[in-house]
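Below is one structure; the comments refer to it alone.
The values are calculated or read from the model by the stated rules, or taken from the named source; none is laboratory data. As the structure is a prediction and not an experimental result, all values here were calculated from the model. Here the Cβ positions follow ideal geometry from the backbone for every residue, glycine too, while neighbour counts run over all protein chains shown. What goes into the accessible areas is simple: the full protein's heavy atoms, side chains included, and nothing from ligands, DNA or RNA. Shrake-Rupley method; radii C 1.70, N 1.55, O 1.52, S 1.80 Å.
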Amino acid sequence: MKKNKISKNWINKQHRDIYVRKSKIEGYRSRAIYKLEEIDQKFKILKEVHTAIDLGAAPGSWSQYLSEKILNGKILAIDLLEFKKINKVHQIIGDFSKEESKQKIIEHFDKKVDLVVSDMAVNTTGNKNLDSIVTGELCLDAMIFAKNQLNHKGKFISKLFMGSSFNEVVSEAKKIFKEVRVFKPPSSRKDSKESFIICKILR
Ligand SMILES: C[S@@+](CC[C@H](N)C(=O)[O-])C[C@H]1O[C@@H](n2cnc3c(N)ncnc32)[C@H](O)[C@@H]1O
């Protein structure tokens, strides 16, 4: 399919999508907010959370949600892309996979944190296995970082794609965390291969 046909299809889909309309009415920057909200409603990920890191945060709806729910806490968001300032959120523009970005995050908190969330994704190619591998690598990088930066009772949530890297990511998560669940929120598009991994309590 030609590139401008793909973008037209994407725009048409956006117009029809109830979550896109809802996010506009409610003042959120992306429909992605509802995925995090649904994960939170099911798994209570924000219980006793005072410090949180949002990886792949732009345009910022997850950070908006975190800043509404975490009162008197500390939130940091990082993305490759610039995004508009969010109240109470410290923002870094940079590549999370670079060591210097990780150092900046660590220095900002100077102690272990309660929650790491990652919605990091690169543009999907439509090739199920390639998309799964690329997102799987981002997820594993974030998971290792979370392992080192989380409090014992900390939580790690990440996007991952069904496909060839799925089993590896889940089995790695089980080595690091005591509780591991995989969940596709109702607001995640049915034709998308994405799911989320919800991990709690370090081993
Ligand atoms: C699906 S969007 C995130 C949407 C966001 N959760 C929200 O609610 O607005 C995925 C983001 O991951 C970012 N990303 C991908 N690779 C990254 C990396 N290595 N470092 C930082 N951000 C990255 C992209 O720039 C993109 O903005």
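Structure notes:
- Springs between Cα atoms under 10 Å define the GNM used for the chain, and in it the highest mean-square fluctuation of Gly136, Gly94, Gly126 occurs at Gly126.
- Percentage relative contact order, the chain, counting C-alpha pairs under 8 Å, at least six apart: 17
- Förster-model FRET efficiency, 25 Å R0, Asp17 and Leu130, C-beta, rounded to 0.05: 0.50
- Among His108, His50, Leu81 the positive-end extreme of the charge dipole of region 30-202 (Cβ point charges): His50
- Sites listed here are GluC sites (Glu not before Pro) in region 41-138 whose DSSP assignment is loop and whose Cβ has at most 16 other Cβ atoms within 10 Å: Glu48, Glu82.
- Label-point gap, in nm, between Lys174 and Phe83 - each point 7 angstrom along Cα→Cβ: 3.2
- Choice from Asn87, Asn151, Asn123 showing the highest fluctuation, given a GNM over the chain with Cα pairs closer than 10 Å: Asn123
- Pairwise FRET efficiency - Lys112 versus Ile201, Cβ, R0 = 22 Å, nearest 0.05: 0.95
- Carbon/sulfur fraction of accessible area - region 119-181, other protein chains in place, 1.4 Å, %: 50
- Kirkwood hydrodynamic radius of the chain, from inverse mean 1/r over distinct Cα pairs, in Å: 17.3
- Degrees, to the nearest 10: 3-16 long Cα axis against longest axis of the chain: 80
- Per residue, the accessible area of region 30-202 comes to 48 Å², computed with a 1.4 Å probe over protein heavy atoms only.
- Shown is the FRET efficiency for Gln103 and Glu137, computed with R0 = 25 Å from the Cβ-Cβ distance and rounded to the nearest 0.05: 0.80.
- Residue of Ala146, Ala121, Ala173 that the Gaussian network model of the chain assigns the largest fluctuation, springs spanning Cα pairs under 10 Å: Ala121
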